[in-house]
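Step one of this worksheet: look at the structure below.
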Amino acid sequence: MSSVRQVVSELIHQGAIKPEQINDALTYTQVSPNTHSWFKFIDRLLLSLGILALGFAALFFIAYNWNEFGHFAKFTLLEILLVGSVFAYWRSPKNSFSGQISLLLSALFVGVLMAFFGQTYQTGADPWTLFFYWAMLITPWVIIARFAPLWLSWLALLNIALSLYTDSFGSPWPFMFDVRHENFLTIFSLNSCALIALELNNIRFNYLSPRWIARIIAFLSGFMVTVPYFENITSSRDASYLPLIMWLSFMIALFVVYRYLKKDLFMLAGGCFSGIVIITTVFISKINNDLNGGLLLLIALVIIGLTSLAAFWLKKVHKEMSL
């Protein structure tokens, strides 16, 4: 869609499309959504909200009536809902949105069923195991459904499981990360691997091709690698060089990949924002005097200058991408 939009924009800029024909050109190329597109979007939105409302309604209904229901009634209701959602997927047309959202609902019911099992029988398992085994159990459905929201939900479960595991037992790679930063950097490593796998296979798997998927994962990775380095700068304790190395590596990779190999202005803008935060933090940390009005004004000017420089560069890059 972005390439079509760029071509239309360039044709309008060159005068190849007359002003009175612009609206028709945008509608014909589907750059601007038509009435059918809006109805399709609203239909899918309402279906998604209805399915999620059904899933959470079942969860809250059982939780509210926990003491009134016996074990058999609780699990029977959940298993009926789980089987019903899988049956709805089986009866839906192949690769249809209704079938994919039904499988997403069934994945939600799997987690609810596991949670109620653990609560009922007090298995004593660590919290991270719930989310890890939940992700493992729905993996076949993630592969079958070929549905981006379900794939992201699966990745979110792995993130939660790894985060809980790190909180309880430390990093799976204790020789790599400092205790203060191991949670952030471990989650960063997971999402960076997911982002690399996504970018290498999004052409092969068309349902992973929308750019918003990669942008969500990149945003989370960028946040998780920026925070540890930010804390290193502001901390008075001895700082490890690993957050700096990982942050620089991430920024360089982000620039090379999304500036030259797979052009994406959103990714570059996120990198600029992270850079502005870090540079401003370093500047403030170097000021040994107490902050006063003059220093606050200087800091504000630095932020304005960095933001203006980033905006100027991004605008230049955008023009190059439009050619």
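Rounded to the nearest Hz, the phi-derived 3J(HN,Hα) couplings of the stretch 315-320 under the Karplus curve 6.51 cos²θ - 1.76 cosθ + 1.60 (θ = phi - 60°) are 5, 5, 5, 4, 5, 5, where x marks glycine and proline.
The fraction of all Cα pairs in the chain landing in successive 10 Å bins from 0 to the largest distance is 5, 18, 24, 24, 18, 9, 2, 0, given as whole percents.
Spread over its residues, the convex hull of the C-alpha atoms of the stretch 170-323 is 119 Å³ per residue.
Each residue of the stretch 261-273 is assigned a 3J(HN,Hα), and the resulting list reads 8, 9, 4, 8, 5, 4, 5, 5, 5, x, x, 4, 4 Hz, derived from the Karplus form 6.51 cos²θ - 1.76 cosθ + 1.60 (θ = phi - 60°), x at Gly and Pro. The relative contact order of the stretch 170-323 comes to 18 percent, based on Cα pairs under 8 Å that sit 6 or more residues apart. Within the listed set Gly99, Gly15, Gly222, the Gaussian network model of the chain (springs between alpha-carbon atoms below 10 Å) gives the highest mean-square fluctuation for Gly15. When you work out D = kT/(6 pi eta Rh) for the stretch 202-290 at 37 °C and 0.692 mPa s, using the Kirkwood radius from C-alpha pairs as Rh and the Stokes-Einstein form, the result is 227 µm²/s. GNM on the chain, C-alpha springs below 10 Å: top fluctuator among Ile304, Ile287, Ile276? Of Ile304, Ile287, Ile276, the Gaussian network model singles out Ile287 as fluctuating most.
With the contact rule set at Cα under 8 Å and sequence spacing of 6 or more, what percent relative contact order holds for the chain?
Details: 238 pairs, mean separation 33.8, N = 323.
Over the chain, the number comes to 10 percent.
Residues in the stretch 95-102 carry Karplus couplings, in order, of 6, 7, 5, 4, x, 5, 5, 5 Hz; the curve used is 6.51 cos²θ - 1.76 cosθ + 1.60 with θ = phi - 60°, and Gly or Pro positions show x.
Quick note: the coordinates plus some simple rules give every number you see, no bench work behind them. It should be emphasised that the depicted structure is a prediction, and the values quoted were computed from it without experimental measurement.
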